[in-house]
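The structure appears right after this line, and notes come after that.
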Amino acid sequence: MSTYHIAVIVGSLRKDSFNRQLADAIVRLAPSNFSFKQVEIGDLPLYNQDDDSDPAESVKSMKLDLKAAQGFLFVTPEYNRSIPGVLKNAIDHASRPYGQSIWAGKPAGILGASIGLLGTALAQEHLRNILAHLDVPTLGQPEAFIQVKDGLFDEEGNIGSASKHFLQKWMDCYVEWVKKLTRN
């Protein structure tokens, strides 16, 4: 059985972020031959093309983690009806210098949680547009715009019973998507 290494990119820096909790919980629904590593994006400098020839150590480290991955899992909040600046900054760093994008060709899935009724629908839509431009094939269905309510997570931090069936189906589809698009 092949092992699949997935880079998890959480678009929130907040320690108790719902999206970090979701990222931690959703990976527990994956089969044992999938491994997940959260990639640090909070210590990146703002992207500046002048730094392309001599990037910061944090940029080098992030790029190594992304390059080693066979797929990506984005878990992001929605800020002002789009993706957080810290996530866009990370995407920009890993897509540069021009012609050396780390993102191209690797499959991705997108999730997000919010207390709002629409979850993170607009942030996910914007992220899909960015990833399409970067040649990142992104799982289209099922979409998961998760509203944070009591019971989303159980006492141990797992997905709660009310959402488990839906999110297990999402993870199963994501796993098949990665397998289909990855030559392992």
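The values are calculated or read from the model by the stated rules, or taken from the named source; none is laboratory data. Being a predicted model, the structure only gives us computed values, none of them experimental. Positions of Cβ are generated from backbone atoms using ideal geometry, with glycine treated the same way; all protein chains shown enter the neighbour counts.
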Report task. Taking the options LEU73, LEU167, LEU118, name whichever one is in a helix (DSSP H, G or I) and out of contact with any Lys or Arg (no Cβ under 8 Å at 6 or more places or on another chain). Result -> LEU167
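Tell me whether region 143-158 contains one or more residues that are farther than 17 Å from GLY71 by Cβ and polar (S, T, N, Q). Walk me through how you get there before you give the answer.
At the first step, the residues of region 143-158 found to be farther than 17 Å from GLY71 by Cβ are 143, 145-158.
Applying the additional criterion that residues be polar (S, T, N, Q) yields 147, 158.
Checking region 143-158: at least one residue is farther than 17 Å from GLY71 by Cβ and polar (S, T, N, Q).
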Report summary line: Apart from one, (1) touching a Gly at 6+ places or on another chain (Cβ under 9 Å); (2) modelled with pLDDT under 95; (3) closer than 18 Å to ALA30 by Cβ; (4) hydrophobic (A, V, I, L, M, F, W, C) all hold for VAL148; the odd one out is (3)
Query raised in the report: Can you tell which of LYS63, LYS37 is of a type in the set (D, E, K, R), closer than 23 Å to SER17 by Cα and not in a loop (DSSP other than H, G, I, E, B)?
Result: LYS37
**Report entry** Residue, nearest to ALA123 (Cα to Cα), within region 55-99, restricted to residues that are among the aromatic types (Phe, Trp, Tyr) and at pLDDT below 95
**Finding:** TYR79
Requested in this report: Sort out which residues of region 140-161 are surrounded by 12 or more Cβ atoms within 10 Å (Cβ to Cβ) and without any contact (Cβ under 8 Å) to a residue 12 or more places away in the chain, and write them in order of number.
Outcome: ASP154, GLY160
Report task. Please name all residue pairs, on different chains or six or more residues apart, with Cβ atoms under 6 Å, provided the first residue is in region 86-98 and is touching a residue at least 60 places away in the same chain (Cβ under 8 Å) and assigned to a loop (DSSP other than H, G, I, E, B) and the second residue is surrounded by fewer than 23 Cβ atoms within 10 Å (Cβ to Cβ) and among the aromatic types (Phe, Trp, Tyr). Result -> none
